[in-house]
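Student: Attaching a single structure in structure tokens format; questions to follow.
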Amino acid sequence: MSSQVLTPDGPSKGTLTLVHLYPREMSIYGDRGNTHALASRIRRHGYSVEVVLHDPGDPFRADAHLVLGGGGQDSGQARVEADLEAIGPSLKAMARDGVPMLVICGMYQLFGDSFHTVTGQVLPGLSILEVTTRGNDKRMIGPVCLETDLGRVVGYENHSGSTVLGPGQQPFGRVLAGHGNNGEDGTEGARTANVIGSYLHGPLLPANPMVSDALIAVAAEQATGRPFEPAQLADPLATQARERQVRRLLRAR
């Protein structure tokens with residue numbers, strides 16, 4: 001386990017602890033960029049952030065205020081399975097307590113009920129999200145645009161797993177362009193309380209700062225015991241990139 005504390009330019013409003021799960025095994029699609037983007041945005045809002053990289057076998061920081069996880073191949077998921085089972089009770093308790101989490105692709109699948117590989121192996125999940133995933137030979141690849149409670153979200157998907165939501169599970173968003181969870185039901189990702197699972201790479205957070213702010217707002221209140229004190233941030237490049245992708249994708253439908 002390694003950690004680094006980053007501080008804002010001025011006085012700190014408090015310190016948030018951010019844990020990135022399995023950065024070597026489960027970040028092959030650039031999802032570690034979400035950690036960099038989130039840590040930077042926390043600092044821009046005037047808070048300090050301790051970034052903790054959790055590797056298999058490390059002691060787990062159950063006092064974290066934010067948890068991130070990324071995508072990986074089936075082999076990567078298998079390598080973290082034992083550790084994820086060990087820290088699973090802590091993660092489930094944190095999710096019940098409202099700790100915000102963002103898990104992408106492979107970690108999204110492992111936060112569900114189970115993942116059935118193309119070879120017939122069944123990897124049990126944490127059941128934090130009520131989803132089931134089955135691997136198949138067809139990959140779902142390409143840019144995506146979603147309608148979510150946080151606004152229009154863009155990203156890039158690259159997955160062969162086909163995910164189905166359970167009867168009580170809400171999606172992260174509705175697909176305006178792209179495949180989403182399975183290419184059939186128009187859903188993408190899953191959201192339960194402050195836990196978001198999604199297939200969107202890109203990475204997701206740099207182009208969608210409103211998602212970062214939704215996670216940070218909850219984490220800041222939990223960390224400090226006070227309401228979130230946001231800075232007035234301008235995001236012209238992120239806004240321009242997101243709006244350009246939305247226009248391009250919706251024109252192509």
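What follows is calculated from the coordinates using simple rules that are stated; it is not laboratory data. Every value quoted in this text rests on a predicted model; they were computed, and no experiment measured them. Because the Cβ atoms are built from the backbone with ideal geometry, glycine has one as well, and the counts that use them run over all protein chains shown.
Student: With point charges of +1 on the Cβ of Lys and Arg and -1 on the Cβ of Asp and Glu, referenced to the Cα centre of the chain, which listed residue (I196, C145, P89) lies farthest in the positive direction of the dipole?
Tutor: C145
Student: Sticking with this structure for a sec: List the residues, sorted by chain then number, that are 5 or more residues from F111 or on another chain and whose placed amide H is less than 5 Å from its amide H.
Tutor: L126
Student: Which FRET efficiency, nearest 0.05, do A241 and E147 yield, Cβ-Cβ r, R0 22 Å? Don't jump to the answer; show the numbers that get you there.
Tutor: On the way: r = 18 Å, r/R0 = 0.82.
Calculated transfer efficiency: 0.75.
Student: Given Cα pairs under 8 Å that are at least 6 residues apart, what percent is the relative contact order of the chain?
Tutor: Normalised by residue count, the contact order of the chain is 19 percent.
Student: Here is a further query. Nothing charged except the Cβ atoms of Lys and Arg (+1) and of Asp and Glu (-1): what's the magnitude of the dipole of the chain about its Cα centre? Round to the nearest 20 debye.
Tutor: For the chain, the charge dipole is close to 820 debye.
Student: If you average the sequence gap of Cα pairs under 8 Å that are 6 or more apart and divide by the length of the range 96-166, what percent do you get for the contact order?
Tutor: That works out to 26 percent.
Student: Placing +1 at every Lys and Arg Cβ and -1 at every Asp and Glu Cβ, with all other atoms neutral, what dipole size does the range 175-253 have around its Cα centre, in debye to the nearest 20? Provide the component values of the computation, followed by the final result.
Tutor: Working: 8 positive and 8 negative charges, 78 e Å.
Here the size comes out at about 380 debye.
Student: Moving on to the next point. Label point 7 Å out from A252 along Cα-to-Cβ: which residues of the range 135-171 have amide N under 12 Å?
Tutor: In the range 135-171, the label zone of A252 (backbone N under 12 Å from the point 7 Å along Cα→Cβ) covers 141-145, 155-157.
Student: Where is the GNM fluctuation largest for the chain (alpha-carbon springs, 10 angstrom cutoff): L84, L38, L150?
Tutor: Greatest mean-square fluctuation among the candidates belongs to L150.
Student: Another question about this same structure. Pop out the ³J(HN,Hα) list for the range 188-201 in order, Karplus 6.51 cos²θ - 1.76 cosθ + 1.60 with θ = phi - 60°, rounded to Hz; leave Gly and Pro as x.
Tutor: Going residue by residue, I get 9, x, 8, 9, 10, 6, 9, 9, 10, x, 7, 8, 7, 8 Hz, with x marking Gly and Pro.
Student: A further question on this structure: Out of (i) 18.2, 57; (ii) 18.9, 74; (iii) 17.2, 54, which label holds the value of Rg and Dmax of the Cα atoms in Å that was computed here?
Tutor: (iii)
Student: List the residues, sorted by chain then number, that are 5 or more residues from S160 or on another chain and whose placed amide H is less than 5 Å from its amide H.
Tutor: M140
Student: Please state the shape class of the range 1-110: rounded when a/c is under 1.5, otherwise prolate if a/b exceeds b/c and oblate if not, all from the C-alpha gyration tensor.
Tutor: Note, shape of the range 1-110 comes out prolate.
Student: Based on the alpha-carbon gyration tensor of the range 197-242 and its eigenvalue square roots a ≥ b ≥ c, which shape applies: rounded if a/c is under 1.5, prolate if not and a/b is larger than b/c, or oblate?
Tutor: oblate
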